[in-house]
Amino acid sequence: MTTIKKILVSLDGSKKSFKGLDMAITLAKPFGATLVGLCVIPNEPPIFMPGMSSSFKQKMTEEAKKFLERAKKISENNGIEFKYWIANGVPSEYVAEFANNRPFDMIVIGGRSHGRIRELLLGSVAHSTVHQSEIPVLVVK
């Protein structure tokens, strides 16, 4: 029987990512697993946010701390230990790389429904994570 001790949860503050957190909590409870929340802040602001380069990382980091603290509180209210990590990088590459280099048993990530064309143009963190991860990935819709 497989035991789950440590689950990586990719969070970006969206409703879908918190839906992923809910599923991770459900999976963690019977095993007494620990959750680790990961938020990856892009190195550069999106092209539709010109002029924000200098304050982008600082503002995004402040926002990430807020929703990760909220995720921690939700997890702890459910009896689950929750730690978190904020990183800078390319989200579609960083999540799987982070998990592949640490002792995680699985990744839980919220899936976004962009549609095929937007996904091709924008990329998908969930899609990339599924293909790059060396451990099981659960995409929550």
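Worth a mention:
- For the stretch 1-41, a residue qualifies if it is in a helix (DSSP H, G or I), closer than 15 Å to V137 by Cβ and at pLDDT below 95, and the qualifying residues are K16, S17.
- Yes/no for M60 being at pLDDT below 95 and of a type in the set (A, V, I, L, M): yes
- Qualifying residue in the stretch 67-83 (condition: modelled with pLDDT under 95 and under 19 Å from K15 (Cα atoms)): no
- Qualifying residue in the stretch 91-106 (condition: assigned to a strand (DSSP E or B) and touching a Leu at 6+ places or on another chain (Cβ under 8 Å)): yes
The values are calculated or read from the model by the stated rules, or taken from the named source; none is laboratory data. Keep in mind the model is a prediction, meaning the values are calculated, not measured. Backbone-built Cβ (ideal geometry, glycine too); neighbour counts: all protein chains shown.
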